[in-house]
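This report refers to the structure that appears directly beneath it.
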Amino acid sequence: MRRNGGQLLVESLVALGATKGFGVPGESYLAVLDALHDTAGRLDFVLCRNEGGAAFMAAAWGKLTRSPGLCFVTRGPGVTNASIGIHTAMQDSAPMIVFVGQVGTDMRGREAFQEIDYRAVFGTMAKWAVEIDDVNRIPEILARAWTTALTGRPGPVVIALPEDMLTTLTETAPLTAPARITEPAPAPAAMAEARAMLAAATRPLILMGGCNWTPEGQAALQAFAEASDIPVVAAFRYQDQFDNFSPCYAGEAGVGMPPHVKALIRDADTILAVNVRFGEMTTDGYTLLDVPVPVQKLIHVHGSDREIGKIYQPTLGIQAGQNAFAAALSPVTGDWAAWRKGARASWMASLEAPAQPSPVDMVAVTAHLRDVLPEDAILTNGAGNFTVWPNKFFAYGPQARLLAPQSGAMGYGLPAAIAAKVAHPGRTVVCFAGDGDFQMNCQELGTAMQAGAQPIVLILNNGIYGTIRAHQERNYPARVSGTVLLNPDFTAIARAYGFHAERVERTEDFAAAFARALASGTGAVLDLVISPEALTPRQTLTQMRDAALAAKETA
Ligand SMILES: Cc1ncc(C[n+]2csc(CCOP(=O)(O)OP(=O)(O)O)c2C)c(N)n1
Ligand SMILES: [Mg+2]
């Protein structure tokens, strides 16, 4: 049977198991759009408003589903818009494939209209960037992209599709199924050594994170931690990967790291790091672990040889998939019960904070959400100080999920929430957004409306780019520059897109407003009035400024 390149690509994607793709159309890949006409109901094209939103949706899909998130965009301006999601998927180690239209091969290399050299531009931003020149090689290259996105350290792949290649007819058969690839399992000798190191420890710690955990792998790691009574810290924005209700869970090593988590990492004598990509967030700017040889004994387990030894020379490196590794663990015993208990108590205490100087008090709001959200709720956020609430004041059980970018990209939360709703229409999805953060991608409310994938959005509206204002007050106190926002009526915008919308001006009104949001069936936007003073849970903006002014005077 003869098909064109677009049909060969789309039929192969269906065979690989793809069910949704997020994109913005372009004349550069009409043959793909045409092939998608025939796969509605099997592989659906979710029409987005900006490629930045589409790419964030695909990146979030990859993180949520353990299958590559698919993004379809046009050349030049389309893919440059999408680059923020490619960068985010890379930093998150999330599986993703971006399909980009490319100018025809007869035009290439002349700086044709909207031409980009994808290998050069995305060669360092993505895990792999490739162009398919020969229509007959679509199945081969697509299969490699799928495997590349998913295995080792997962990540984004960019595939450029020249226009004439897509319209060329071919007899080549599409793929029929994904490759079955097992995770690399740890060698028994390495497991024995790891066990001996842990058994010899006095203050052992497990650091875990990353994508592609299976429920079995998570349960195995939890069973090991609990049977061995070892505290567990989650890497930056991966706290949903370990049951926070386990007596071993002790907090997140992320931005704004709580003092007790810093102390745990610094004072541990043996750290078992599983599926963790080390970075400054996880190490408090490389201060908790010395580069390149930490004082702590380090067992680093990762599926990719390129992560082990990248920054830290481990005492023992084990190249293995995290689920296979977890399955091979057997409990150790030691005299560290007080260490684990102390870690857990500190985390529990960190969920408390003083009443906030704000019309809507987020301490009360998050406490309420912990009570009322279903166990399988999905929370999302972009970047800003507001992220402290979903990141530090929520407890993620085994079914709850957090979609939050390790890249610190503003604007991720809303598209991620839409992708989550597309993946799981029946689950409650709550996006936390700052007023600045929300306006990075609020046009995607249109995508949500059209796809029938409407989450609940909480806008923490403080009238400022709070994070930057905080840095400003610390470094240049009382000199506010470029950080004050004049905001629109967010509820009017939300209503225009068919969402239920309310402005919440007092803490005591939140519970009822949230109940109406849950019941609305249309998705909802709650515009929460937050004082700029309540920028961090334990220090006001004025305290920040005063401390910096006082430090300047004594300097
Ligand atoms: C795409 C992008 N642009 C700029 C930044 C820098 N940045 C980080 S946080 C922030 C302010 C966030 O403001 P808002 O969403 O209102 O949250 P708040 O800090 O006020 O809670 C900015 C500008 C970023 N991280 N990402
Ligand atoms: Mg703000």
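Rounded to the nearest 0.05, what FRET efficiency do GLU553 and ILE468 give with R0 = 25 Å and r taken as the Cβ-Cβ distance? Could you check?
Working: r = 24 Å, r/R0 = 0.96.
Plugging the Cβ-Cβ distance into 1/(1 + (r/R0)^6) gives 0.55.
Among 375-381, 347-353, how do they line up from the highest to the lowest mean number of other beta-carbon atoms within 10 Å?
Working: 375-381: 23.0, 347-353: 15.3.
Final packing ranking: 375-381, 347-353.
Compute, for region 256-386, the length of the dipole vector about the Cα centre, with Cβ point charges of +1 (Lys, Arg) and -1 (Asp, Glu) only. Units Debye, rounded to 20.
240 debye
Counting only protein heavy atoms and a 1.4 Å probe, tell me what percentage of region 244-340's accessible area is made up of carbon and sulfur.
53 percent
Kindly give the semi-axes, whole Å and largest first, of the ellipsoid equivalent to region 19-71, taking each as the square root of 5 times a Cα gyration tensor eigenvalue.
Result for region 19-71: semi-axes of 19, 14, 8 Å.
Might you report the magnitude of the Cβ-based charge dipole of region 1-79 about its Cα centre, with Lys and Arg at +1 and Asp and Glu at -1, to the nearest 20 debye?
On the way: 8 positive and 6 negative charges, 47 e Å.
It works out to roughly 220 debye.
Once every DSSP H run of n ≥ 4 in the chain is given -39500 (n - 2.57) and the sum is divided by its residues, what mean residue ellipticity at 222 nm do you get, rounded to the nearest 500 deg cm²/dmol? Don't jump to the answer; show the numbers that get you there.
Numbers: 22 runs with 213 residues, N = 555.
Value at 222 nm, helices only, nearest 500: -11000 deg cm²/dmol.
For region 179-209 and region 234-280, what is the separation of their C-alpha centers, rounded to whole Å?
Value for the Cα centre distance between the two parts: 17 Å.
Label-point separation (nm) for ALA337 and VAL484, each offset 7 Å from Cα along Cα-to-Cβ?
5.9 nm
Counting only heavy atoms of the protein chains, get the accessible area per residue of the chain (1.4 Å probe) and round it to a whole Å² value. If you can, show how the numbers build up before the last one.
Values: 21060 Å² over 555 residues.
Per residue, the chain has 38 Å² of solvent-accessible surface.
Can you list the aspartates and glutamates whose alpha carbon is less than 15 Å from that of LYS63, not counting same-chain residues fewer than 8 positions off?
Partners within reach: ASP92, ASP240.
Hey, any idea what % of region 122-240's accessible area is carbon plus sulfur with a 1.4 Å probe? The partial results should precede the final answer.
Values: 2630 of 4630 Å².
Of all accessible area on region 122-240, carbon and sulfur atoms account for 57 percent.
Express the Stokes-Einstein translational diffusion coefficient of the chain in µm² s⁻¹, to the nearest whole number, given a Kirkwood radius over alpha-carbon pairs, 4 °C and a viscosity of 1.567 mPa s.
Working: Rh = 24.5 Å.
Value of D from the Cα-based Kirkwood radius: 53 µm²/s.
Tally up the carbon and sulfur contribution to the accessible surface of region 402-471 as a whole percent, 1.4 Å probe, everything protein left in place.
54 percent
On each of the three principal axes of the Cα atoms of region 399-516, give max minus min coordinate, whole Å, ordered largest first.
47, 32, 26
Under the 0.36 nm per residue contour assumption, what length would be gained going from the current alpha-carbon distance of ARG538 and ARG144 to full extension?
Between ARG538 and ARG144, full extension yields an extra 136.9 nm.
At a temperature of 37 °C and a viscosity of 0.692 mPa s, determine how fast region 142-226 diffuses translationally according to Stokes-Einstein, using the Kirkwood radius over alpha-carbon pairs as Rh; express D in µm²/s, rounded to the nearest whole number.
Stokes-Einstein gives a translational diffusion coefficient of 188 µm²/s.
For the chain, calculate the relative contact order in percent as a whole number, restricting contacts to Cα pairs under 8 Å that are 6 or more residues apart.
Computed over the chain, the figure is 13 percent.
So which trypsin sites (Lys or Arg not before Pro) in region 271-320 end up in coil per DSSP with only 16 or fewer other C-beta atoms within 10 Å?
Of the trypsin sites (Lys or Arg not before Pro), the ones in loops of region 271-320 whose Cβ has at most 16 other Cβ atoms within 10 Å are ARG306, LYS310.
Straight-line reach from LYS297: which lysines fall under 18 Å, measuring Cα to Cα and dropping same-chain residues less than 8 apart?
Straight-line reach from LYS297, under 18 Å: LYS262, LYS310.
Report the convex hull volume per residue for region 1-102, counting only C-alpha atoms, in Å³. It would help to have the intermediate numbers written out before the result.
Details: hull volume 8.9 nm³, N = 102.
Roughly 87 Å³ of hull volume per residue.
Given the Cα-Cα distance of ALA192 and ALA364 and 0.36 nm per residue of separation, how much length would full extension add, in nm?
On the way: separation 172, 0.36 × 172 = 61.92 nm, distance 4.72 nm.
Computed gain between ALA192 and ALA364 is 57.2 nm.
With the dipole of the chain worked out from charges on the C-beta (+1 for Lys and Arg, -1 for Asp and Glu) around the Cα centre, which of GLY17, ALA58, PRO292 lies farthest toward the positive end?
PRO292
In the chain, what percentage of the DSSP-assigned beta bridges are antiparallel, given to the nearest 5? Don't skip to the end; give the middle numbers.
Working: 3 of 68 bridges.
Of those bridges, close to 5 percent are antiparallel.
So for each of 408-420, 253-265, 58-70, 455-467 I average, over its residues, the number of other beta carbons within 10 Å; can you give me the resulting order with the highest mean first?
The densest-packed peptide leads the list: 408-420, 58-70, 455-467, 253-265.
Determine, for each peptide in 279-287, 47-55, 151-159, the mean count of other beta carbons within 10 angstrom over its residues, then list the peptides with the highest first. Let's see the in-between values first.
Details: 279-287: 16.8, 47-55: 26.1, 151-159: 24.3.
The peptides rank, most packed first, as 47-55, 151-159, 279-287.
Between region 44-122 and region 287-316, what is the separation of their alpha carbon centroids in Å?
32 Å
For region 248-313, I need the span (max minus min coordinate) of the C-alpha atoms along each principal axis, in Å, sorted largest to smallest.
The Cα atoms of region 248-313 stretch 31, 21, 20 Å along their principal axes.
State whether region 104-146 is rounded, prolate or oblate according to the following rule on the C-alpha gyration tensor (a ≥ b ≥ c being the square roots of its eigenvalues): a/c under 1.5 gives rounded; otherwise a/b larger than b/c gives prolate, and the remaining case gives oblate.
Judged from the Cα gyration tensor, region 104-146 comes out oblate (a/c at least 1.5, b/c at or above a/b).
Suppose R0 equals 22 Å; then what is the FRET efficiency for ASP376 and LEU47 from their Cβ-Cβ distance, rounded to the nearest 0.05?
0.20
Can you compute the modelled spin-label distance between TYR476 and MET107, with each label point 7 Å from Cα toward Cβ, in nm?
My value for the distance between the label points is 4.4 nm.
How big is the Kirkwood radius of region 222-366, worked out from every pair of different alpha carbons and given in Å to one decimal?
16.2 Å
Pull out the extension gain between LEU351 and ARG427, defined as 0.36 nm times the separation in residues minus the alpha carbon to alpha carbon distance; nm, one decimal.
Details: separation 76, 0.36 × 76 = 27.36 nm, distance 2.47 nm.
Stretched fully, the LEU351-ARG427 segment lengthens by 24.9 nm.
Report the calculated FRET efficiency for ARG266 and THR176 (r = Cβ-Cβ distance, R0 = 51 Å), to the nearest 0.05.
Efficiency, from the Cβ-Cβ distance: 0.45.
Picking from ALA89, ALA512, VAL276, whose Cα lies most toward the positive end of the charge dipole for the chain (charges on Cβ: Lys, Arg +1; Asp, Glu -1)?
Projecting each Cα onto the dipole axis, the largest value belongs to VAL276.
The values are calculated or read from the model by the stated rules, or taken from the named source; none is laboratory data. Remember, it's a predicted structure, so these values are computed and weren't measured experimentally. Every residue, glycine as well, gets a Cβ built from its backbone with ideal geometry; the counts of neighbours run over all protein chains shown. Keep in mind that these areas ignore ligands, DNA and RNA; they rest on the heavy atoms of the full protein, side chains included. Shrake-Rupley method; radii C 1.70, N 1.55, O 1.52, S 1.80 Å.
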